[in-house]
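Peer 1: Below are the structure tokens for one structure; questions will follow.
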Amino acid sequence: MIRFTPHRLVAIGLLLPAVLTVLLVAPSAAQTSYLPGAGPPAKKPAGSDTTITIVVHTLAPGVFAAKVNYVWIGWVELPGGPLLIDSSLDEKTAAALADTIRGRSGPTPVQYLVNTNADGDHLGGNAYFAAAGATIIAQAKVAAKIDSTTKASKPALRVDHRKVLGPADRKVQIVWLGKPAHTGGDLIVYLPKQKVLFAGDLVWNKAVPWLLDPNFDRKGWIASLDSLMSKGFVYEKLVPGHGILADPAAELRYTRGYLNDSFDKVARVASWGTSVNAVRDWAYLGPYEDSEFYETVHYMNMRRLYNEALGIKTPGRSRTRVIKP
């Protein structure tokens, strides 16, 4: 059961070193651009912008979400140091994120780092936080992959079903919902007392979901969304992996809608014998065309779903991060 109440996302000014350029935006969020180097940046070719943008939202006392460029992460203040949910894109981004966390939550280093999946845009900063002493937590099926990409002195803690951390007034549940979905090992992070849920890439909103992971399972994904809508989880704020924050019901409708609408269209087209190579002609989905990643991801999704509709097993494709135009 999901219970929704109107809420306002509150932002607090970031505490940053003088070398960082601060850009003030709307009162509901604080946005910081990190420009590497001390002088005016050299002119770069189009498409190679290295600006790091971090927009932070306070969800509850001691609980934060941040959009780092185009990936959502979060952190929870715990005794002994924050618990971080995903490490974002790379080590340079992780250093900027660490500055942001220190500005909000004090100097104690990150104690735990939960990877909600093994995609590069969620674990790219792992090595930075592991080097500072963070213990990495991952779903058991993908922990070995995460270990192989992280220069950590100790292997990740594995979650087979559920792990609980934190004190009674800020208990953090780290949960695998039991089925392959977006990947073979997606974790969620749930704070029942604060009614906050970090869904990772199980939920997208106004951003086309990536359906190309080698272990993607559409039916398992839909079943996982059903679990998130069950009485086992009561939350008022839901943080997606990508896209925009909104009412949780809207975020879940968007993700489930795309999974169903894309496959329904593919199934019809495949039954007509239309060639998969004409995907640009038949795969248009109007309700989603204004979404982030539509041009770069949607048509690849439709190719894979076409084969799935015909019963053809495809290997998918690994990625280091969501494709950006």
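Peer 1: Just to confirm, what accessible area per residue do you get for the range 68-221 at 1.4 Å probe, in whole Å²?
Peer 2: Values: 5040 Å² over 154 residues.
For the range 68-221, the per-residue accessible area is 33 Å².
Peer 1: Normalised by the number of residues in the range 104-149, what is the relative contact order in percent for Cα pairs under 8 Å and 6+ residues apart? Display every interim value, and only then the final one.
Peer 2: On the way: 46 pairs, mean separation 20.0, N = 46.
That works out to 43 percent.
Peer 1: Can I ask one more? Going through the range 217-249, which chymotrypsin sites (Phe, Trp or Tyr not before Pro) have at most 10 other Cβ atoms within 10 Å and a DSSP loop state?
Peer 2: Details: sites: Trp221, Phe233, Tyr235; in loops: Phe233, Tyr235.
Passing both the DSSP loop test and the Cβ count: no residue.
Peer 1: While we're here: Under 1.5 on a/c is rounded, so check that first for the range 132-175, then, if it is not, pick prolate when a/b is larger than b/c and oblate when it is not; a ≥ b ≥ c are the square roots of the alpha carbon gyration tensor eigenvalues. The partial results should precede the final answer.
Peer 2: Values: a/c = 3.87, a/b = 1.58, b/c = 2.45.
Taking the square roots of the gyration eigenvalues as a ≥ b ≥ c, the range 132-175 is oblate.
Peer 1: Okay, moving on. Is the shape of the range 258-313 rounded, prolate or oblate, going by the alpha carbon gyration tensor and its root eigenvalues a ≥ b ≥ c, with a/c under 1.5 for rounded and a/b larger than b/c for prolate?
Peer 2: On the way: a/c = 1.74, a/b = 1.67, b/c = 1.04.
It is prolate, given that a/c is not under 1.5 and a/b is the larger ratio.
Peer 1: Relative contact order for the range 109-239: what percent, with Cα pairs under 8 Å and sequence separation of 6 or more?
Peer 2: Working: 245 pairs, mean separation 26.6, N = 131.
Reported relative contact order: 20 percent.
Peer 1: Okay, next question. Given that compact globular proteins tend to follow 2.2 N^0.38 Å, what is the ratio of the alpha-carbon Rg of the range 195-270 to that value? Walk me through the intermediate numbers first.
Peer 2: Working: Rg = 12.6 Å, N = 76, 2.2 N^0.38 = 11.4 Å.
The value comes to 1.10.
Peer 1: Then there's this: Quick one: length gained pulling Glu295 to Thr149 fully straight, 0.36 nm per residue minus the C-alpha distance?
Peer 2: The span from Glu295 to Thr149 would gain 49.6 nm if fully extended.
Peer 1: Also, I was wondering about something else. Suppose accessible area is computed on protein heavy atoms with a 1.4 Å probe; arrange His161, His57 from highest to lowest. Mind showing how you got there, number by number?
Peer 2: Working: His161 110, His57 20 Å².
In descending accessible area the options line up as His161, His57.
Peer 1: From largest accessible area down, sort Arg253, Arg158, Arg280, Arg104; use a 1.4 Å probe on the protein chains.
Peer 2: Working: Arg253 160, Arg158 115, Arg280 135, Arg104 35 Å².
If we order Arg253, Arg158, Arg280, Arg104 from most to least accessible, we get Arg253, Arg280, Arg158, Arg104.
Peer 1: Let me ask something else about it. If you stretched the chain out fully between Thr274 and Lys193, how much longer would it get, using 0.36 nm times the residue separation minus the C-alpha to C-alpha distance?
Peer 2: Details: separation 81, 0.36 × 81 = 29.16 nm, distance 5.11 nm.
That pair, Thr274 and Lys193, stretches by 24.0 nm at full extension.
Peer 1: Chymotrypsin sites (Phe, Trp or Tyr not before Pro), restricted to the range 241-314: which are DSSP loop and have at most 14 other Cβ atoms within 10 Å?
Peer 2: On the way: sites: Tyr254, Tyr258, Phe263, Trp272, Trp282, Tyr284, Tyr288, Phe293, Tyr294, Tyr299, Tyr306; in loops: Tyr284, Phe293.
Sparse-neighbourhood loop chymotrypsin sites (Phe, Trp or Tyr not before Pro): Tyr284.
Peer 1: If you don't mind, there's one more thing I want to ask. Can you give the charge dipole size of the range 182-240 about its Cα centre, rounded to the nearest 20 debye, using +1 on the beta carbon of Lys and Arg and -1 on the beta carbon of Asp and Glu?
Peer 2: 280
Peer 1: What is the spin-label model distance, in nm, from Ser230 to Leu310 if the labels are put 7 Å beyond Cα along the C-beta direction?
Peer 2: In this crude spin-label approximation the distance works out to 3.6 nm.
Peer 1: Quick check: with the 1.4 Å probe, what order do Ser230, Ser153 take by accessible area, largest first? Walk me through the intermediate numbers first.
Peer 2: Values: Ser230 45, Ser153 125 Å².
Most to least solvent-accessible, the answer reads Ser153, Ser230.
The values are calculated or read from the model by the stated rules, or taken from the named source; none is laboratory data. On a predicted model such as this, the values are computed, not experimentally measured, just so you know. For neighbour counting, all protein chains shown are included, and Cβ atoms are generated from backbone atoms with ideal geometry for every residue, glycine included. These area figures cover heavy atoms from the full protein model, side chains too; ligands, DNA and RNA do not enter into them. Shrake-Rupley method; radii C 1.70, N 1.55, O 1.52, S 1.80 Å.
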